[in-house]
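The structure appears right after this line, and notes come after that.
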Amino acid sequence: MLIKKPADIRPSEITPPDLFRQRRRLLELATAASVGTLLSGAVRAGEKLTGVRASAYRAEDEPTPFEDVTRYNNFYEFGTSKEAPAKAASRMKTRAWTVVVDGEVTNPQTYAIDDLLKLAPLEDRIYRLRCVEAWSMVIPWVGLPLAEVLKRAEPTGNAKFVEFTTLLDPNQMPGQRSDVLDWPYVEGLRIDEAMHPLTILAVGLYGEVLPHQNGAPIRLVVPWKYGFKSAKSIVRIRLVEQQPASTWMRAAPREYGFYANVNPEVDHPRWSQAKERRIGDFFKRPTLPFNGYGEQVAKLYSGMNLRKFF
Ligand SMILES: Nc1nc2c(c(=O)[nH]1)N[C@H]1C(S)=C(S)[C@@H](COP(=O)(O)O)O[C@H]1N2
Ligand SMILES: [Mo]
């Protein structure tokens, strides 16, 4: 046979040896990523996630100890104290779990969570998380870029915002039997914020499947915004034309704006935003504009009055 079919050509014939080795290594990694998460069936909190890629997005700050990241939480579906979620969220079922991606898209999807995890390789990212209550943490997340999920749904020209909805199930989420918030919990982003490479859907932390109290099986992480923007235990991602009304905006519109960008110059009525206490530290440290991610994201807001659009 004179003409070889692509399948007959060994990669070593067409690529220089070094490149070939490098490529094979990448292929091995990619296979490990998909097969690993697939076959190990790592679905329970604490199970090791395999094939996670090292990402370039790693803050240099010392990560907050696992114990603090998983025992000091805000998750009102399981109570309003910081300690409640670690105890009460354990009975939430994270399989079977489906995530709907719909609204202003030409290709709406209903994903079984394990299929959604296969859309892109999982990456580890070390991000700062700052709560509007003026505490902060540094968390080694495992997740995938939200942009990958949105692109596959093919947003229409009308898709200007993205709305995220948490599971509504008062049987599993006892906090939803109280009217402390308007359930289900809803958050929103502008589409360019949602598509930004820093924005991820997190499915793990410290290399392990996400603990329930941190928003299992899948939660949003937007590192330049206050922690409340990171909706937990998401069941629906809807592309919309109008700016969504988030749960916190509805609860207290003067306190919580749609943008919620970390901003040391604009105080919350009850908490100064100039400084923050890193969990584990004694002294406070200055809060950075956009939580230190200004270089990457400030341009999204050029020309906007950030006191008005807080
Ligand atoms: N569904 C849901 N998501 C939520 C919350 C909540 O109460 N319910 N709290 C938010 C707030 S105020 C913060 S600071 C972060 C906390 O995330 P962590 O517990 O993983 O640190 O989750 C956010 N996501
Ligand atoms: Mo928060």
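The values are calculated or read from the model by the stated rules, or taken from the named source; none is laboratory data. Predicted, not measured: the structure shown is a model, and the values here were computed from it. Here the Cβ is made from the backbone with ideal geometry for all residues, glycine too, and neighbour counts use every protein chain on show. SASA here: full protein model, heavy atoms, side chains in, ligands and nucleic acids out. Shrake-Rupley method; radii C 1.70, N 1.55, O 1.52, S 1.80 Å.
Some points to look at:
- Shown here is the pair-distance distribution of the chain: with all Cα-Cα distances grouped in 10 Å bins from zero up to the longest one, the shares run 6, 26, 34, 22, 8, 4, 1, 0 percent.
- Fluctuation leader among PHE161, PHE258, PHE66 - the chain, Gaussian network, Cα springs under 10 angstrom: PHE66
- Residue by residue, segment 296-310 carries 3J(HN,Hα) couplings of 7, 10, 4, 5, 5, 10, 4, x, 8, 7, 7, 7, 6, 9, 8 Hz when phi is fed to the Karplus relation 6.51 cos²θ - 1.76 cosθ + 1.60 (θ = phi - 60°); x denotes Gly or Pro.
- Cα convex hull of segment 144-204 - mean projected area over all directions, nm²: 5.5
- Scanning residues 5 or more positions from TRP97 or on other chains, those with amide H under 5 Å from its amide H are ILE113, with H placed 1.01 Å from N in the peptide plane.
- Amide H partners (placed H, <5 Å) of VAL235, local residues excluded: THR165, THR166, LEU167
- Dipole moment magnitude, nearest 20 debye, segment 190-283 about Cα centre, only Lys, Arg, Asp, Glu C-beta charged: 260
- The mean of 1/r over all distinct Cα pairs in segment 188-227, once inverted, gives the Kirkwood hydrodynamic radius of 10.9 Å.
- Accessible area per residue, Å², segment 133-194 with all protein chains present, probe 1.4 Å: 35
- The fraction of accessible area contributed by carbon and sulfur in the chain is 54 percent, rounded to a whole number (1.4 Å probe; ligands and nucleic acids excluded).
- Solvent exposure of segment 251-303 as accessible area per residue, Å², 1.4 Å probe: 59
- Of LEU168, LEU146, LEU117, the one that fluctuates the most in a GNM where the chain has Cα springs shorter than 10 Å: LEU168
- Once backbone amide H atoms are built at 1.01 Å from N, LEU49 has GLU208, VAL209 as its partners under 5 Å, excluding neighbours fewer than 5 places away on the same chain.
- Helical runs (DSSP H, four residues minimum) scored at -39500 (n - 2.57) apiece and divided by the length of the chain put the mean residue ellipticity at 222 nm at -5000 deg cm²/dmol.
- Loop GluC sites (Glu not before Pro), segment 222-297, which have at most 11 other Cβ atoms in a 10 Å radius of their Cβ (DSSP): GLU265
- Charge dipole (debye, nearest 20) of the chain; +1 at Cβ of Lys and Arg, -1 at Cβ of Asp and Glu: 200
- Gyration tensor analysis over the Cα atoms of segment 73-148 returns equivalent ellipsoid semi-axes of 27, 18, 13 Å (largest first, whole Å).
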